[in-house]
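What follows is calculated from the coordinates using simple rules that are stated; it is not laboratory data. Just so we're clear, the structure is a prediction, and the values are computed from it rather than from any experiment. Cβ coordinates were reconstructed from backbone atoms using ideal geometry, including for glycine residues, and neighbour counts include every protein chain displayed.
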Amino acid sequence: MTTVETAIGTTKTMVLNMGPQHPSTHGVLRVLLELDGENVVSAVPDIGYLHTGIEKSCEDKTYSQAITLTDRMDYLNPLGNNLVYCLAVEKLLGLEVPKRAQYIRVMLVELQRISSHLVWLGTHAIDMGAMSLLLYCFREREEILKIFERFSGQRMMTSYIRIGGLALEPPAGWRERVKRFLDMMPARVDEYEALLTENRIWKGRLQGVGYLSPDDLIALSTTGPGLRAAGVAYDNRKLFPYSSYEEFDFNVPTRTESDCYARYMVRVAEIRESLKIVKQAMDKITDQGPIKADAPGIVPPEREKMKTEMEALIYHFKIFTEGFSPAPGEVYVAVESPRGELGCFIASDGSPKPLRVHFRGPSFINLQALPRMIKGQLIADTVACIGTIDIVLGEVDR
Amino acid sequence: MTQLAKAGAQLVVEHLRAWNAQAVSQVIEYRGDTTIVVPKELLRATAQQCKQDPALLFNLLSDATCLDRYPVEPRFELNYQLVSIPRRERICLRTCVSAQHPVVDSLESVWPGANWLEREIFDLFGIQFTGHPDLRRILLPEGFEGSPLRRDFPTEGKR
């Protein structure tokens, strides 16, 4: 607590506790706000309330078993987490995934990106007081979750992306469902923009709030829409393409104002770009073709083969009892999650269980910028800034 | 690894060797990634060089991780994933720390984003970072004893 000089004499600052239970912190985040009246003098985030030891648990499981743990980190982007982990294991093994599986991965990960941005938009809007938007966004997200349920049997924690490809064949009639979603969605995004983009209250609450210069953002290791709203076109899908993204035609939206409003504009534009990618992926996916790599000791065999062929049965047995052992080495893979650069570092010591699995969570690293972002602003702006960074506590704490 | 990426990585190694031959004790190329092993004493200077040298320009510290190789010595390996946004390149800097003296220089003065990354490593592995402005636990509660991600700490936890 420090003393503050005011026009009518000296006073002391007040330390106010925000969270960990708070509707606007989007999870169990605690922020200690030092306030001079309504102005924030300093803010100290306190995290770790959702720390479940995922990285340590992965060391006790075989490489395939750890996939289900990855779903639960950034719980608004389970397919993206599956993807980064499986890409890292495939890189460690030197395994090539068939193109058909890569295109299906891209399509599902982009649908996941749209669903994550919808949650962000709905919750950010309700934080700012535009309450109707929450249910509109969740209504559209329902359609995406229904598509995921058809593919994997699960709405959220899909574990659909596996080492070497996918868990299951795409379901019958998936094209009609995805096409129906693509036909409906652009008009809905226009509706959200009609409600918010030129809205005086929305602009009043978000423009000029939470500004950080691009150099500051890079110095603080911020990535994702926060960095793109400052004019830096850093997107892993374009700069370091993975999983056949180089074959897709899409733009990386950027703005220059680097405030909350710019980040809103970037994310809405990203929803539109993702719709383009889903359409292209849908056209590229053939009706027939492999969904898993041909690697007998690593990728489990088809169930029918396992029941009729001796070699397949032995491979199945070995994979599910002892697991496969990659050669010793370390790899790092980075993908573009809705929140920024999601990375996975895996070290193998030649045993069936990983020596170390580390996830570079964009929410954890982007949250570092919060104290700089809200210094000198009002408490109400704190809510806007926490929302604009778009954190998911599962990824912050792991 | 593409020819262009390989050439880029070789350029970085050459520049660092030209700046200080001792800085590069080993270069590991695996699955298309390049890792430069740097001695502990030269870590901060090498990091500063990677950021400032106009031919290198690694302005983004993407990740900092620790790896425990217990019971092999040197026990801890710190890996720093660097990205050069203008040159579209990735590199990894590695340094090794022993179990008897798990102390290394903090890179927070080079990249402020290292702040929370180093706090997490301090929290979970018990490695001290000299020069860090605020070295305290970040994920685990304040009174917690032990460094859970070390290999000799059981997964189920201690009672």
What are the extents of the Cα atoms of the stretch A:321-397 along their three principal axes, listed from largest to smallest and rounded to whole Å?
56, 22, 18
Just need log10 I(q)/I(0) for the stretch A:203-329 at q = 0.16, 0.20, 0.23 Å⁻¹, Debye formula, equal scatterers on the alpha-carbon atoms, no solvent, rounded to two decimals.
-0.86, -1.06, -1.23
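Okay, helix-only estimate at 222 nm for chain B: each DSSP H run of n ≥ 4 adds -39500 (n - 2.57), divide by all residues, round to 500 deg cm²/dmol; what do you get?
On the way: 3 runs with 39 residues, N = 159.
Helices in chain B give a 222 nm mean residue ellipticity of -8000 deg cm²/dmol.
Shape call for chain B from the C-alpha gyration tensor, a ≥ b ≥ c root eigenvalues: rounded (a/c under 1.5), prolate (a/b greater than b/c) or oblate?
On the way: a/c = 2.07, a/b = 1.76, b/c = 1.17.
Since a/c reaches 1.5 and a/b is larger than b/c, the shape of chain B is classed as prolate.
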The extension gain from A:GLU257 to A:ASP46, computed as 0.36 nm times the residue separation minus the Cα-Cα distance, is 73.1 nm
Grab the DSSP H runs of chain A that are 4 residues or longer, score each as -39,500 (n - 2.57), total them, divide by all residues and round the 222 nm result to the nearest 500 deg cm²/dmol.
-14500 deg cm²/dmol
Apply the membrane-span-like helix rule to chain A: whole DSSP H runs, Cα extent along the own long axis of at least 20 Å, mean Kyte-Doolittle hydropathy at least 1.0. List the helices found.
none
Mean-square fluctuation check for chain A, GNM, Cα pairs under 10 Å: which of A:TYR160, A:TYR192, A:TYR75 is largest?
A:TYR192
Note on the stretch A:101-218: alpha-carbon gyration tensor, axes a ≥ b ≥ c; rule is a/c under 1.5 for rounded, else prolate if a/b larger than b/c, else oblate; result prolate
The stretch B:77-108 scanned against label point 7 Å out from A:LEU239 along Cα→C-beta; backbone N under 18 Å for B:80-93
Which of B:ALA99, B:ALA47, B:ALA114 fluctuates most in a GNM of chain B (C-alpha springs under 10 Å)? That residue is B:ALA99
Max mean-square fluctuation residue, GNM over chain B, Cα-Cα springs under 10 Å, options B:GLU142, B:GLU108, B:GLU89:
B:GLU142
The residues A:TYR315, B:TYR30, A:TYR63, sorted from fewest to most surrounding Cβ atoms within 10 Å, come out as B:TYR30, A:TYR315, A:TYR63
Using only Cα atoms, find the angle between the long axis of helix B:43-52 and the longest principal axis of chain B, and express it within 0 to 90 degrees, rounded to the nearest 10.
40 degrees
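Please compute the length gained on full extension between A:ARG175 and A:ILE314, using 0.36 nm multiplied by the number of residues separating them and subtracting their Cα-Cα distance.
Details: separation 139, 0.36 × 139 = 50.04 nm, distance 3.60 nm.
Contour length minus Cα-Cα distance gives 46.4 nm.
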What does the C-alpha gyration tensor say about the overall shape of the protein assembly as shown? Classify as rounded when a/c is under 1.5, otherwise prolate if a/b is larger than b/c, or oblate.
oblate
Average other protein chain Cβ within 10 Å of Cβ, residues B:65-72:
4
Evaluate E = 1/(1 + (r/R0)^6) for A:LYS307 and A:ARG150, where r is the Cβ-Cβ distance and R0 equals 25 Å; express this FRET efficiency to the nearest 0.05.
0.45
Putting +1 on Lys and Arg Cβ atoms and -1 on Asp and Glu Cβ atoms, find which of B:LEU42, B:GLN10, A:VAL119 reaches farthest to the positive end of the dipole of the protein assembly as shown.
A:VAL119
Per-residue HN-Hα couplings for the stretch A:363-371 [Karplus 6.51, -1.76, 1.60; θ = phi - 60°; Hz; x = Gly/Pro]:
4, 4, 6, 5, 5, 4, 6, 4, x
Along the charge dipole of the stretch A:54-397, pointing to its positive end and built from +1/-1 on Cβ of Lys, Arg, Asp and Glu, which listed residue (A:LEU87, A:LEU145, A:VAL299) has its Cα farthest out?
A:LEU145
Length gained if A:ALA327 through A:THR6 is fully extended, taking 0.36 nm per residue and subtracting the Cα-Cα distance, is 109.0 nm
So what are the ³J(HN,Hα) numbers for the stretch A:301-307, from phi and the Karplus equation (6.51, -1.76, 1.60; θ = phi - 60°), rounded to whole Hz, Gly and Pro as x?
x, 4, 4, 4, 5, 4, 7
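Express the relative contact order of chain B as a whole percentage, based on alpha carbon pairs under 8 Å and six or more residues apart in sequence.
17 percent
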What's the magnitude of the charge dipole for chain A around its Cα centre, counting Lys and Arg as +1 and Asp and Glu as -1 at the beta-carbon? Answer in Debye, nearest 20.
600 debye
Say R0 is 45 Å: what FRET efficiency, to the nearest 0.05, do B:ALA99 and A:SER213 get from their beta-carbon distance?
0.60
What FRET efficiency, computed as 1/(1 + (r/R0)^6) with R0 = 35 Å and r the Cβ-Cβ distance, is obtained for B:GLU41 and A:VAL15, rounded to the nearest 0.05?
0.30
